[in-house]
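Have a look at the structure below before the remarks.
The values are calculated or read from the model by the stated rules, or taken from the named source; none is laboratory data. Because the structure is a prediction, the values reported are computed rather than measured. Using ideal geometry, Cβ is built from the backbone for each residue, glycine included, and neighbour counts are taken over all protein chains shown.
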Amino acid sequence: MKNDDLKDENDAMNSEKNEEMDTAEKTEESDADNKEIDLDEEFVETDEEGSPMNSSGPAVLNSLRDKLKKALEEKQQYLNSWQKDKAEFINIRKRDEDAKNEFVKFAEQRIVENMLPTLDSFELALNHGVNISDATEAKNFESYKKGIDGIYQNFISFLSKYNVVPFGNTGEVFDHNLHHSIALTETDDSSKDGIISEVLQKGYIMKDKVIRPAMVKVYEVAHK
């Protein structure tokens with residue numbers, strides 16, 4: 001009888017242990033399932049080599065591209081502005097140089113124009129004929145005239161350094177761009193029509209610009 005009671009008691013204890021073991025196994029399985037869920041939540045995507053990939057990579061790349069594009073646009077704007085300022089500076093400097101050259105040219109022209117009456121006086125003196133009977137006086141006059149001619153030639157040489165050239169000679173064809181006719185000389189020779197018959201005052205050109213026209217008389221065929 002006692003043996004049967006001991007057996008029943010052992011069976012009861014074993015059954016209780018089995019129940020506790022089953023409960024522990026279920027608890028462990030539940031914890032394992034929860035851990036798997038956590039792992040899934042913490043899963044990090046990796047590349048082919050197993051290196052973790054940052055899910056924000058495309059956004060960062062797009063941001064860098066936008067910044068680079070903006071930087072290039074700003075660089076181009078600065079470059080365009082610099083080129084515009086440089087071109088404007090070159091134009092201003094060129095205008096200043098042109099204005100300076102024009103001022104110098106004008107000043108030189110004024111100086112030359114103020115000298116022309118003196119040259120006219122020399123030409124009148126050289127072209128003025130004098131009848132001198134006394135040989136000594138005639139010789140002295142020729143020496144005097146030669147001296148005046150030397151001074152006159154020095155003036156002409158000086159003016160040539162400023163590209164000043166005299167013009168206007170008898171026998172030239174009248175040109176209204178160069179000559180100013182103050183009188184007409186009648187002629188029966190048709191070949192002389194429009195030809196300068198006399199030069200009363202020389203004209204002068206300075207650097208391809210007429211600063212004073214020549215005062216002349218012009219042949220004109222007489223009308224019968």
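Some points to look at:
- Elements of type strands (runs of 3 or more DSSP E) in region 139-212, at least 3 residues being loosely packed, with under 14 Cβ neighbours inside 10 Å and not small (Gly, Ala, Ser): 179-187
- Screening Tyr152 against (1) on the phi > 0 side of the Ramachandran plot; (2) over 36 Å from the mean Cα position of the chain (by Cα) leaves a single unmet condition, (1).
- Residues located in region 122-138, provided they are modelled with pLDDT of 75 or more and farther than 23 Å from Met206 by Cβ: Ala125, Asn127
- Among the residues of region 81-130, those that are closer than 30 Å to Val199 by Cβ and basic (Lys, Arg) comprise Lys105, Arg110.
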